Every structure is written in structure tokens, then in C-alpha cells.
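What follows is one structure encoded as C-alpha cells, with my remarks underneath.
The values are calculated or read from the model by the stated rules, or taken from the named source; none is laboratory data. Quantities reported herein were computed from a predicted structural model and do not represent experimental measurements. Don't worry about glycine lacking a Cβ; one is built from the backbone with ideal geometry, like all the others, and counts go over all protein chains shown.
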Amino acid sequence: MTIEDIIKMLEDTTTELKDTLRRKSSDYTGGEGSQDPFANFKSTEVLGVDPVIGVMIRVMDKIQRIRSFVNDGELKVANESVYDAFDDIIGYTILAKAMIKEQRELKDD
């Protein structure tokens, strides 16, 4: 694999993740008419868990799946590949980054 192959993978991945985020956003924004892209993650506040920590817990779940794949050479859930787990980590970390950015902007207001 060359650096150009990796850059192509990056471009393909980000394009796919943008499309996925747009599609899933309507399912997780808190219902009809809600525009909060973090509504699903903010639900962790009910349990006293900061939403960013909630996202990072989901990231850890994906890391565990990747660890299982590396150790066992396969995943038991057939409809989710190890590549999906990597993509989920990328998506979750972008959302966590956006949440922290929003928190800082609201704090500065």
C-alpha cells in the first residue's frame, strides 16, 4: 500500500461518513423537528454521565470489537465488519470533537 492508496482510503471514508452522518442524524436528533445533532448522546445526562464521556464509552465498545477481531480473526456479528468499527470510531470522535467545540462556544457567550 502506498501513501496515495491511504489518501484515497481517507477520501472514500470521509465521503461515506458524511453520507452516514446525514442519514443517521434524522434518526437521532430527538424526534420530528428537532435540530440537535447531539440529542442522542445528551440522553446520558439522565444517568449523570457527560455526553462526551458517553461517546467515548461507545468508542471503547468499538475498540473492543477490533481487539476481538485481531485476537480471533473474525467477528461473530456478520452484518458489521471490522472496517465498520473503525468508521464508527472516526464518526464518534468527530461528534465528540464537535460537542466539545459547542460547549466551549456556549461557555464563551
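Given M99, M9, which one is surrounded by 13 or more Cβ atoms within 10 Å (Cβ to Cβ) and not aromatic (F, W, Y)?
On inspection, the qualifying residue turns out to be M99.
What single numbered condition from (1) surrounded by fewer than 12 Cβ atoms within 10 Å (Cβ to Cβ); (2) modelled with pLDDT under 95 fails to hold for Q64?
Of everything listed in (1) surrounded by fewer than 12 Cβ atoms within 10 Å (Cβ to Cβ); (2) modelled with pLDDT under 95, Q64 misses just condition (2).
K97 - would you say it is in contact with an Asp or Glu (Cβ under 7 Å, 6 or more places away or on another chain), modelled with pLDDT of 95 or more and of a type outside the set (A, V, I, L, M, F, W, C)?
Spelling it out, it is not the case that K97 is in contact with an Asp or Glu (Cβ under 7 Å, 6 or more places away or on another chain), modelled with pLDDT of 95 or more and of a type outside the set (A, V, I, L, M, F, W, C).
Among the residues of the stretch 67-109, write down those that are of a type in the set (V, I, T) and either touching a strand residue (DSSP E or B) at 6+ places or on another chain (Cβ under 9 Å) or free of Cβ contacts under 8 Å to residues at least 60 places away in the same chain (or both).
The first filter runs over the stretch 67-109 and keeps only residues of a type in the set (V, I, T), leaving 70, 77, 82, 89-90, 93-94, 100.
Listed by number, the residues that qualify are V70, V77, V82, I89, T93, I100.
Within the stretch 31-71, how many residues turn out to be outside any helix (DSSP H, G or I), under 12 Å from the mean Cα position of the chain (by Cα) and more than 15 Å from I100 (Cβ to Cβ)?
Summing the residues that are outside any helix (DSSP H, G or I), under 12 Å from the mean Cα position of the chain (by Cα) and more than 15 Å from I100 (Cβ to Cβ) in the stretch 31-71 gives 0.
Among the candidates E16, E74, E80, single out the residue that is of a type in the set (D, E, K, R), outside any helix (DSSP H, G or I) and under 16 Å from the mean Cα position of the chain (by Cα).
E80
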